Amino acid sequence: MGSNGDRPTQYVMNTWNSLPMELRFMIFEYLAACGPGHLSACAAVCKEWQELIERRNFCQLKLRSTCVEGLTTMVTDRTRPLVQHIWLHVAIPPYTCLICYRQESRSAWVRNNRMIKGAVLKLFAILQTWDSTDGITLELSTNSPSDPEHWFKNYCFGDGSQGARNCGHSDHGWSNGTRLSFPSARPLDRLFETIDLTSRLRLLRVDIITRLVIRRQLRRRLTPSSLRMLLDKLPRLERLIFEPWRWWDPELRQAYDGGEGVFRLHDALMANKSIEYRQILQAGLPSTLKRLSIFEDFDEIHMQAIQRSIWPPLRLGLARIGFPQLASTVARQSLHLTHLSVSFLIEAFHFIRPHQRFWEWEHLEFVSLTSELLRPGRDNIMIWTFLFFAALVASRMPRLKEMILWNGGKGHACVFRYRREKGAVTVRSTWGLILHHTVETIWSKVLFWHTGSALHFDVRTISGATILCHGDAIHELGLPSEVIDAISVSQMRREARMV
């Protein structure tokens, strides 16, 4: 009853359109957080909801290989402009404990490779018919559902959001979430098998793809010819994000002959990898490419497994052999780029070699490189010389906004970060690196030449106690997403805490 006791209280049901925009947005975001199924069921509420829900649902499509053919009916002419990102994931068949400790058989590899290749061919055939002025992102990944069920329970194969897997039972070297023993080299060979996309069937050119993403979660290795073919079929490609894994071929273990010969063999194998990368960079990069990010990932467990498989033992360090020719190729390709980030694949000191100081990087705005000089115990004079030459190179980059020189691994991290807009150089290290006054002077001149402003230096020491891997180092140093995507960093850190 009303307060005057003579009539009932009237309640007015507000319509959706009468709600404030902020409240409507909060309701929509809540439903979106409940999952795509809840959101799709609400599309019939009103036209506004339908448009919002379609925009969210079609923005990023994760396709399994079995659903590729349905893409033509799933995405209509009306919803096609809403698609910004297509993630193709190929789930190859599972395997049992009877073979999980072995390298993948030839017949299994042929079957799995055919599945991967077929899915890519079908997707390209469909996307070849799409028209778009904005372009879309294509991301590729593949794994077997058995991979995280056997030896690799700590590895991430999705988007980094999955929780810790159940490792309570004792098998495959795991007990109660703790790794008790490491996998041998053969299971690693299975996990890091190759992908060969070359085929008698022609891969069609696709104009709509402007960004190609191959994250570290794709542990199978694209052959150089496959990657070159992919790049050749993307004539409008503007950005490439490539996170391959460092790997030593099985021939290294089989051809060990003792003494210095193994080191010559090791150098030769790594040199071959360098040549493959050089071929891709020299012949395979589209002229439209403006942003290139390569992050060569690695895992100490892999190296330990390989070392145990060789007798007499061979010491394999995590530091990559620096090949000056590969660094020179990267430097030459970067003359046409606006953003360049290469981590662990090349040595930054080779990138800035004296004869390259006279090149002109007219377009480069962002550059990030790693150097083995930026480690504890390295000679300060070498570090200062490196940073001095880096300043000379930066002076040849009139559009440069940011340069990052860094390194990181278990227990150590270091970054030298120049930012024009902030007028600052930030130095962080776990061992108390200091800058010589000549380094500060030359970098001050770089900023003054470009802006006429004074440069501020912020040099601090950080703790390495909580740095368990290079992912932790990236997080601790606060490196931007141009170096590596936050999803990949999250995966690295999670994996390092489950060993």
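Quick notes
- Which of THR133, THR288, THR96 has the fewest Cβ neighbours within 10 Å, and the rest in rising order: THR133, THR96, THR288
- A Förster radius of 30 Å, combined with the Cβ-Cβ distance separating THR133 from ARG221, puts the computed FRET efficiency at roughly 0.30.
- Debye-sum result for the stretch 111-243 in log10 I(q)/I(0), which assumes one identical scatterer on each alpha carbon, at q = 0.09, 0.10, 0.15 Å⁻¹: -0.34, -0.42, -0.80
- Across the stretch 199-211, coupling constants 3J(HN,Hα) worked out from phi with the 6.51/-1.76/1.60 Karplus curve, θ = phi - 60°, read 7, 5, 7, 7, 6, 7, 6, 10, 7, 6, 7, 10, 9 Hz, and Gly and Pro carry x.
- The residues CYS100, CYS414, when put in order of fewest to most other Cβ atoms within 10 Å, stand as CYS100, CYS414.
- Proximity of backbone amide H atoms, modeled 1.01 Å from N, is registered between GLU238 and ARG211 at under 5 Å, excluding neighbours fewer than 5 places apart on the same chain.
- Residues THR329, THR178, sorted so that the one with the fewest Cβ neighbours within 10 Å comes first: THR178, THR329
- Sites matching trypsin sites (Lys or Arg not before Pro) across the stretch 407-499 that sit in DSSP coil, with at most 16 neighbouring C-beta atoms within 10 Å: LYS410, LYS422, ARG497
- At R0 = 41 Å, FRET efficiency that the Cβ-Cβ distance of PHE457 and GLU238 yields, to 0.05: 0.70
- The stretch 375-465 - charge dipole about Cα centre, Lys and Arg +1 at Cβ, Asp and Glu -1, debye rounded to 20: 240 debye
- The slack between LYS122 and ARG24, meaning 0.36 nm per residue of separation minus the straight C-alpha distance, is 31.3 nm.
- Hull volume per residue, based on the alpha-carbon atoms of the stretch 334-499 and their convex hull, is 105 Å³.
- Computed E for GLU421/ARG55 - FRET, C-beta separation, R0 41 angstrom, nearest 0.05: 0.80
- Among 397-403, 336-342, the order from most to least packed when residues are scored by Cβ within 10 Å on average: 336-342, 397-403
- Kirkwood hydrodynamic radius of the stretch 46-103, from inverse mean 1/r over distinct Cα pairs, in Å: 13.9 Å
- For the stretch 421-466, the spread of Cα positions along the three principal axes, ordered from largest to smallest, is 40, 22, 10 Å.
Where a number appears in this text, it was derived from the coordinates with a stated rule and is not lab data. Bear in mind that the values here come from a model prediction, so they are computed numbers and not experimental data. For neighbour counting, all protein chains shown are included, and Cβ atoms are generated from backbone atoms with ideal geometry for every residue, glycine included.
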